[in-house]
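The numbers here are math on the coordinates, done by the rules we state, and not lab data. Predicted model, so just to flag it, every value in this text is computed and none were measured. Because the Cβ atoms are built from the backbone with ideal geometry, glycine has one as well, and the counts that use them run over all protein chains shown.
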Amino acid sequence: MIRNFLSCESEVFQNSHGGIGEISVQKVFRRTDFKGGWDFALRVVMPPNSSMGVHQHEQNEEMYIILKGEGLMTIEGQEQRVGVGDMILNKPEGSHGLLNDSDCDIELLIVQASIKTL
């Protein structure tokens, strides 16, 4: 199965995970597309001064892959600059969030997989 994330329908979310502003999300693959433990694959565009608030997942892992831009990632209460090429692993039950404090969009892919038994 091939899907181009540039042509997938986009949804706008306000205050994602308690963050600020709006972000654009393209749901490229959903749980029903997979046979294994994958939950989704998303393309997210975060304009300047927007964020995904710090939040926690339970029984899954999430990978953020920064394609464009830079921002401030919070992982387990620690802040770190992230930019193009960075791949961030958000561990089960760990807290994480992303702030676009730059003047340009952040574009990223988010892939999530469940760790619980199917």
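Return the residues of segment 46-55 that are crowded, with 20+ Cβ neighbours inside 10 Å and part of a strand (DSSP E or B); say none if nothing qualifies.
Just the residues of segment 46-55 that are crowded, with 20+ Cβ neighbours inside 10 Å, to begin with: 46, 50-52.
The answer is Met46, Ser51, Met52.
For (1) surrounded by 13 or more Cβ atoms within 10 Å (Cβ to Cβ); (2) in a strand (DSSP E or B); (3) under 11 Å from the mean Cα position of the chain (by Cα), each residue gets a yes or a no:
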site: Gly85; (1), (2), (3): no, no, no
site: Ile88; (1), (2), (3): yes, yes, yes
site: Pro92; (1), (2), (3): yes, no, no
site: Gly97; (1), (2), (3): yes, yes, yes
site: Asp103; (1), (2), (3): no, no, no
site: Leu108; (1), (2), (3): yes, yes, yes
site: Lys116; (1), (2), (3): no, no, no
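Ile65 - would you say it is among the β-branched types (Val, Ile, Thr), surrounded by fewer than 17 Cβ atoms within 10 Å (Cβ to Cβ) and part of a loop (DSSP other than H, G, I, E, B)? It is false that Ile65 is among the β-branched types (Val, Ile, Thr), surrounded by fewer than 17 Cβ atoms within 10 Å (Cβ to Cβ) and part of a loop (DSSP other than H, G, I, E, B). Here Glu22 meets each of (1) among the acidic types (Asp, Glu); (2) crowded, with 17+ Cβ neighbours inside 10 Å; (3) under 22 Å from Leu6 (Cβ atoms) with one exception, condition (2).
Return yes or no: is Val28 among the β-branched types (Val, Ile, Thr), buried (at least 19 other Cβ atoms within 10 Å of the Cβ), in contact with a Cys (Cβ under 9 Å, 6 or more places away or on another chain) and closer than 12 Å to Ile110 by Cβ?
Working: among the β-branched types (Val, Ile, Thr): yes; buried (at least 19 other Cβ atoms within 10 Å of the Cβ): yes; in contact with a Cys (Cβ under 9 Å, 6 or more places away or on another chain): yes; closer than 12 Å to Ile110 by Cβ: yes.
So Val28 passes the test.
Would you pick out the residues in segment 1-25 that are aliphatic (A, V, I, L, M) and either out of contact with any Pro (no Cβ under 9 Å at 6 or more places or on another chain) or outside any strand (DSSP E or B) (or both)? Once the filter is applied, which keeps residues that are aliphatic (A, V, I, L, M) and either out of contact with any Pro (no Cβ under 9 Å at 6 or more places or on another chain) or outside any strand (DSSP E or B) (or both), segment 1-25 yields Met1, Ile2, Leu6, Val12, Ile20, Val25. Looking at segment 26-45, which of its residues are under 17 Å from Pro92 (Cα atoms) and either of a type in the set (Phe, Trp, Tyr) or assigned to a loop (DSSP other than H, G, I, E, B) (or both)? Gly37, Trp38, Phe40 - these are the residues of segment 26-45 that are under 17 Å from Pro92 (Cα atoms) and either of a type in the set (Phe, Trp, Tyr) or assigned to a loop (DSSP other than H, G, I, E, B) (or both).
The residues of segment 71-83 that are within 21 Å of Gln14 (Cα to Cα), surrounded by 17 or more Cβ atoms within 10 Å (Cβ to Cβ) and either acidic (Asp, Glu) or in contact with a Ser or Thr (Cβ under 9 Å, 6 or more places away or on another chain) (or both), listed by number, are Gly71, Thr74. Keeping to segment 70-83, report how many residues are without any contact (Cβ under 8 Å) to a residue 24 or more places away in the chain and not in a loop (DSSP other than H, G, I, E, B). So the count comes out to 7.
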